[in-house]
Amino acid sequence: MTREGPELEVLLRRLAETPPDFLGDPAFGASGHVHTIAVVNDVLIAAGASTVDQRLAELGKLGTPHDANRLRLAQVLAWLLADPWFEGAKCDVLPALLAASAELAPLVAAQRAVEHPERREELARLALSKLGLRPAGESEELAADRLTALSSAERARVLAASRAAEERARAIREQLAKKAAEESADKWSRE
Amino acid sequence: MNDPEPEDEERYPLLGEAGRELMRGLREHPAAPIFRNRSGNRLTSEDLARVLEIEREVGTSQVRWAPGEKPGWLAGFLARALSHVPHYRGYGRTQAELEELPSITRGDLGRDIAAFVPDDLPIERMINFRTSGTTGHPLLVASHPTVAASYLAFHKKALRHFGVELRAGAGRVGVALVGYQRKCFTYVSVTPQMGESALVKLNLHPDDWRDPDDRARYLDALDPEMYTGDPVSFSELVTLPLRTRPRALLSTSMTLLPETRRRLEDRFACPVIDVYSLNEAGPVAFDAGDDTWHLLQHELYVELVDGEITLTGGMNPWLPLVRYRTGDYAELVFHGGEPRLVGLAGRAPTRFRTESGELLNNIEVTHALAGFALPQWTLLQRRDGSFDFRTSAGNATVLRAALLSLFGANARIDVATDAVFDGKVRQYVSELE
């Protein structure tokens, strides 16, 4: 976070105003209509790229349960990093976009990263940090502290929620396996 | 793990003395079959209040939406599913148009049914419905006694279309569920929302009876107001020398051919209602006799995805469906603001090749068999283009002629009329596809 970046407020406002198209379903598998790679490529071209960046292929690598959310986060980040501030800043935005979307994918739903104030701030700060930037007017120390606070609180919440979810899923499976559940209850017809 | 058999208090929490006596009489009747199992309604007084409330709702509700529109309840249902149901929460959306969401299949439910139970519903009294399906992948469906009990509300709605109001109350048998299988879950219970009238689930297969003639004696003694079953069990029922008459027959699970239906109507002089029902969704629609299937559930949205009946919503809060592909095919038509199904064809369409190379959809085969009272049948087209038709009734020569008129005079068709089926089967298979 050595360099000073844009004002945080500008980025937060931009995220809050993310056009719905950027939250559309990524096209892979049987569903979806947004071609994430094309969306990100448009941002790179606007930033001055003249050829297709080979590193874009990273986006298309699937295989985790969070792929859909990762791609949707990449679309939101593409919108964020298309802010005019970055145009003249000579930033290598693609590695930052790839790293931030992969890191947040298991933790924050893209929609929530747009709708929820703290998650917006986390996304904006994370994107800046991956670019080696800090919000305008903040010290390096303050920027690092603020990002850590936001992300660790969210991580703790997600961890607790997933533990509770696992516990409940186990209880449901146990209940359904009991003799009493197996014996079923009266239906007036059978399928 | 300590997993005790349930007690009667758990099976029938509201059981009164009259209901207990009625059940005892039905079990101990001299002509009674061997009841192999026990089961109950499991309804508490709170459950019963809920079931009665659902019945009132269903009685006054209408299934309505116009083409290109969505019913009013759908947006709220989706928002809740996306926030409260683990599987749908995994989509990472808090709001969405239905069409933006992926569809799910039986395979998704089979992988982890727990992921479809909403976070905020109590799970202590959940029950399951186990289904084998015709594809051999067993599935455990999460449900609840109030859901099971609410089937009746939808049956009543279908019956009302044919002018039948169920009346059986205390001391009477409301329904006999008849099966015809080598192995069948059988028991006696009572229905609290019908004044503790009895529900008797029995197997017409002779192996379940001390004397096969006991079947008619026992059923006459029951004199049930309604029978539910499938074309196979009803084809056995029609052969029994019954003196009593039900007020309605309700058929599920398998294709009911028009001729089978006509024979049953002639024999029992009552409406015979074909209901399209799924363990995953409950009773979906019934054949209204006007060439359309009327939808039964006012909070079940039906769309067609590549012709496949795809369901959202549904009567089971423990298994909220979002774009569930049923594996069944039909067309959706609109009568005013009322959506209906036409040409319900059961499982995924199979195409058969005629002698001249034309491809025929399996519905054509079903139509060609409309004049026969076949309880069950299968048709296989072999790799070499020849056919194997198997059924458990009918005249082989006449059946073969009907199939030849469909597939070509020189088509090679083997017909067996002594096939033995046990349960649901995959009706149409082509090795050419």
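In a fully extended conformation the segment linking B:ASP213 and B:SER392 would gain 62.3 nm over its present Cα-Cα distance, using 0.36 nm per residue. Peptides B:312-325, B:283-296 ordered by packing proxy, namely the average of other Cβ atoms within 10 Å per residue, highest first: B:312-325, B:283-296. Of the residues B:SER233, B:SER392, the one with the largest accessible area comes first in the ranking B:SER392, B:SER233, computed with a 1.4 Å probe on protein heavy atoms.
Of the cross-linked pairs B:LYS201/B:LYS424; B:LYS157/B:LYS201; A:LYS61/A:LYS90; A:LYS187/B:LYS183; A:LYS90/A:LYS130, which ones have a Cα-Cα span greater than 20 Å in the structure shown? Write down the numbers at each step before the final one.
On the way: B:LYS201/B:LYS424 18 Å; B:LYS157/B:LYS201 22 Å; A:LYS61/A:LYS90 27 Å; A:LYS187/B:LYS183 18 Å; A:LYS90/A:LYS130 14 Å.
Beyond 20 Å between Cα atoms: B:LYS157/B:LYS201; A:LYS61/A:LYS90.
With Cα atoms as the point set, the radius of gyration and Dmax of segment A:151-191 evaluate to 17.3, 53 Å.
Here's the picture: charge each Lys and Arg Cβ at +1 and each Asp and Glu Cβ at -1 in the protein assembly as shown, and of B:LEU202, B:LEU257, B:THR354 the one pushed furthest to the positive end of that dipole is B:LEU202. For segment B:1-47, relative contact order (Cα pairs under 8 Å, six or more residues apart, normalised by length) works out to 57 percent. The relative contact order of chain B comes to 15 percent, based on Cα pairs under 8 Å that sit 6 or more residues apart. How many percent of the accessible area of segment A:138-178 is carbon or sulfur, using a 1.4 Å probe? Here carbon and sulfur together make up 57 percent of the probe-accessible area. Size descriptors for segment A:100-191, from the alpha-carbon set: Rg then Dmax equal 21.8, 71 Å.
By how many nm would the segment from B:VAL333 to B:LEU404 grow when fully extended, if each residue of separation counts as 0.36 nm and the alpha-carbon distance is taken off? If you can, show how the numbers build up before the last one.
On the way: separation 71, 0.36 × 71 = 25.56 nm, distance 3.25 nm.
So the chain would gain 22.3 nm between B:VAL333 and B:LEU404.
In a GNM of chain A with a 10 Å cut-off on Cα contacts, which of A:ALA100, A:ALA177, A:ALA156 has the highest mean-square fluctuation? Fluctuation is largest for A:ALA177. The alpha carbons of the protein assembly as shown give a radius of gyration and a Dmax of 29.7, 94 Å, in that order.
Each of A:LEU77, A:LEU62, A:GLY132 was scored by the projection of its Cα onto the charge dipole of segment A:3-140, and the greatest displacement toward the positive side belongs to A:LEU62; charges sit on the C-beta of Lys, Arg, Asp and Glu. Given a cut-off of under 8 Å on Cα pairs at least six residues apart, what relative contact order in percent is computed for segment B:231-326? Taking the mean separation of contacting Cα pairs over the length of segment B:231-326, I get 17 percent.
Using only the C-alpha atoms of segment B:25-154, find the volume of their convex hull and express it per residue in Å³.
Numbers: hull volume 25.3 nm³, N = 130.
For segment B:25-154, the hull spanned by Cα atoms encloses 195 Å³ per residue.
Around the Cα centre of the protein assembly as shown, unit charges on the Cβ atoms of Lys, Arg, Asp and Glu (plus for the first two, minus for the last two) sum to a dipole of about 1080 debye.
Would you mind getting the accessible area per residue of segment A:151-191, heavy atoms of the protein chains only, 1.4 Å probe, in Å²? The partial results should precede the final answer.
On the way: 2070 Å² over 41 residues.
Result: 50 Å² per residue.
A simple spin-label model places pseudo-atoms 7 Å from Cα toward Cβ; at B:GLU355 and B:ASP290 they are separated by 4.2 nm. Look at the stretch A:166-178: the mean tally of other chain Cβ atoms within 10 Å of its residues' Cβ atoms is 6.
Per residue, segment A:3-140 exposes an accessible area of 46 Å² to a 1.4 Å probe, with every protein chain left in place.
Can you sort A:GLU87, B:GLU364 by 1.4 Å-probe accessible area, starting with the largest? Mind showing how you got there, number by number?
Working: A:GLU87 105, B:GLU364 80 Å².
Solvent-accessible surface, decreasing: A:GLU87, B:GLU364.
I'd like the carbon and sulfur percentage of the solvent accessible area for chain B, probe radius 1.4 Å, heavy atoms only, ligands and nucleic acids excluded.
48 percent
Taking the inverse of the mean reciprocal distance over all distinct Cα pairs, the Kirkwood hydrodynamic radius of chain B comes to 23.2 Å. Residues of segment B:103-118 whose accessible area, computed with a 1.4 Å probe over protein heavy atoms, drops by at least 50 Å² once all protein chains are present relative to their chain alone are B:ALA114.
Projecting the Cα atoms of A:PHE22, A:VAL10, A:PHE86 onto the dipole axis of segment A:3-140, where Lys and Arg carry +1 and Asp and Glu carry -1 at the beta carbon, places A:PHE22 farthest toward the positive end.
Given Cβ point charges of +1 (Lys, Arg) and -1 (Asp, Glu) and nothing else, what value in debye, to the nearest 20, does the dipole of chain B about its Cα centre take?
Numbers: 49 positive and 60 negative charges, 107 e Å.
The dipole magnitude comes to about 520 debye.
Checking every one of the GluC sites (Glu not before Pro) in segment B:62-166 against DSSP loop status and a limit of 11 other Cβ atoms within 10 Å picks out B:GLU69, B:GLU97, B:GLU124, B:GLU165. What's log10 of I(q)/I(0) for segment A:41-183 at q = 0.09, 0.10 Å⁻¹, Debye sum over Cα points only, no solvent? Log-scaled intensity ratios, in q order: -0.37, -0.44. Per the accessible-area calculation with a 1.4 Å probe, the total area buried between chain B and chain A rounds to 3900 Å².
The values are calculated or read from the model by the stated rules, or taken from the named source; none is laboratory data. What you are looking at is a predicted structure, and each value in this text was computed from that prediction instead of being measured. Glycine also receives a Cβ, built like all others from the backbone with ideal geometry; neighbour counts cover every protein chain displayed. Accessible surface areas use protein heavy atoms only, side chains included; no ligands, DNA or RNA. Shrake-Rupley method; radii C 1.70, N 1.55, O 1.52, S 1.80 Å.
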